[in-house]
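Presented below is the structure to which this report refers.
Taken together, the values in this text are just the output of simple stated rules run on the coordinates, not laboratory data. All values derive from a computational prediction rather than experimental measurement. Neighbour counts run over all protein chains shown; Cβ positions are idealised from the backbone, glycine included.
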Amino acid sequence: MRFLIVFLLCIFANASVVTKSYTSKAIGEGYGKTYEIAVDNALAEAVLKLNGAKIQTSTNVSSDLSSINNENELYKRFNQQISKATNGRFSAFEVLSKEQTSDGFRVVVEIKKTSTIKSYKAPGMQTNRNKIIVAPALDPNNYSLMGRDSEQVLRDLRFRIESNITKTRKFNLLDRQAGEALATEREIIEQDGALDEALKLGKNLGTDYILLYSISDAQTSKGKEIAITGSKTKSKVKIYVNYQVIVFATREIKFSDSVDFEFATNDYNEILNNIANSIVLNTQAAIYPPKIEKVTKDNLAVFTQKLPLNTKLECYKRGEKIYDSYTKELNGYEEEYMSLVEVVNANSKTSYAKILDGNIEKGLVCRFKQNNTTNDANGKDVKDVIPVNGGGFIF
């Protein structure tokens, strides 16, 4: 069974050129003094129905065909005429009925048109995930953090934000930075690529959301050397972060926050990882509010997203819609408080929370409780590296 699952995942992950064929049909009716002329006229009508192009009928052509006694050879010659008149867009025809009349023949034919379309199937499974891009931070102020200048800090932070977004498995993350590499590859395909490779062009996706972020300032009080032990106390770091999520289609600001982070650490990576975790956690919650998807036999609430350990969430049952009487816009929903839960286990796709208060049921929408104290992936308390102002987790 495990081998089968892996095999299926490999199939879905592969890119491929998909070829599809479509066959259209049309019926035409024709009259003529001879059988061949009647067939010719019937074909002209059928082609006109199917493609809007007329086959030029001619007594000279028909007289050439009238000398053919073998009906199979007659079909072959007519098919050649059809292909020539329609640039090869029609494959064959069939005489459905023929009737001799007092002044000639009446013939009904069916013509077939076969179209082949090729398309490129991008690697990866098709999903209904929202698409998002992380825009570069604009006009960074001059500051330093653990020996790195502001430009490097923002580049490093962006990489971690994008990495975390990918790990949520809730978004299709689009790249907007590899322009030079993409242009080079496009040029290779256009100039020297196989015909099917050109199907990869024109497949660029537009984003649904844009994540903007900036660090307005960073202040560091360096730790002191301890002469006896040779060790160093932790540095105290304050970082001021602004970020917002914009709906591309409408330019509506979906979510916005200004957060003051305080850290007690000498680890540069720890600082950026925790800032990125906070930004992505709130961004995900703004677009995909945590919802209880299932209740286990052990009475644990199941969320289909990774949430930090020890995170507390207040869960509500949605009631009727509430509209603003002035703007007539949807202002939200009536909410009935149901429970308080705390995350006790989580993996890359799923989180489990125990009940601290009230009752849980499938479908409850939850939001982060204020003043959360969370743990990192190893269960270590990181209360010194969470937002102290802002970061209200409201959505």
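What number comes out for the charge environment of Y333, summing +1 per Lys or Arg and -1 per Asp or Glu over other residues with Cβ under 11 Å away? Spell out each step's value before the answer.
Details: positive: K317, R318, K321; negative: E320, E334, E335, E336.
Charge balance in the 11 Å sphere: -1.
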Potential extension, Y31-T296 segment - 0.36 nm per residue separation minus Cα distance: 87.9 nm
Net charge of neighbours whose Cβ lies under 13 Å from the Cβ of Q244, counting Lys and Arg as +1 and Asp and Glu as -1: 0
Shape category assigned to the range 171-324 from the gyration tensor of Cα positions, a/c cut at 1.5: oblate
Sorted by Cβ neighbour density within 10 Å, fewest at the top, the residues L96, L340, L364, L309: L96, L340, L309, L364
Entries in K25/K49; K167/K306; K254/K294; K131/K369 that, when Cα-Cα distance is taken, lie over 18 Å: K254/K294; K131/K369
Sites T350 and N128, calculated FRET efficiency, Cβ-Cβ separation with R0 25 Å, nearest 0.05: 0.85
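Once you sort the root eigenvalues of the Cα gyration tensor of the range 147-199 as a ≥ b ≥ c, which label holds: rounded (a/c under 1.5), prolate (a/b larger than b/c) or oblate (the other case)? Could the numbers behind the result be given before it?
On the way: a/c = 5.59, a/b = 1.84, b/c = 3.04.
Since a/c reaches 1.5 but b/c is at least a/b, the shape of the range 147-199 is classed as oblate.
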Spatial separation of Cα centroids for the range 272-293 and the range 154-197, in angstrom: 23
Given charges at Cβ of Lys, Arg, Asp, Glu: the range 187-291 dipole, positive-most of S235, G202, S214: S235
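Kindly identify the range 198-287 as rounded, prolate or oblate by the Cα gyration tensor criterion: order the square roots of the eigenvalues as a ≥ b ≥ c, call it rounded if a/c is under 1.5, otherwise compare a/b with b/c, prolate if a/b is larger, else oblate.
Verdict is prolate for the range 198-287.
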Anchor K98: aspartates and glutamates whose Cα lies under 17 Å away (excluding residues fewer than 8 positions away in-chain): E29, E36, D40, E45, E71, E110
Entries in K20/K203; K170/K291; K234/K349; K291/K328 that, when Cα-Cα distance is taken, lie over 23 Å: K234/K349; K291/K328
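Please arrange S97, S24 by how many other C-beta atoms lie within 10 Å of their C-beta, fewest to most. Could the numbers behind the result be given before it?
Details: S97 9, S24 13.
Fewest to most other Cβ atoms nearby, the residues stand as S97, S24.
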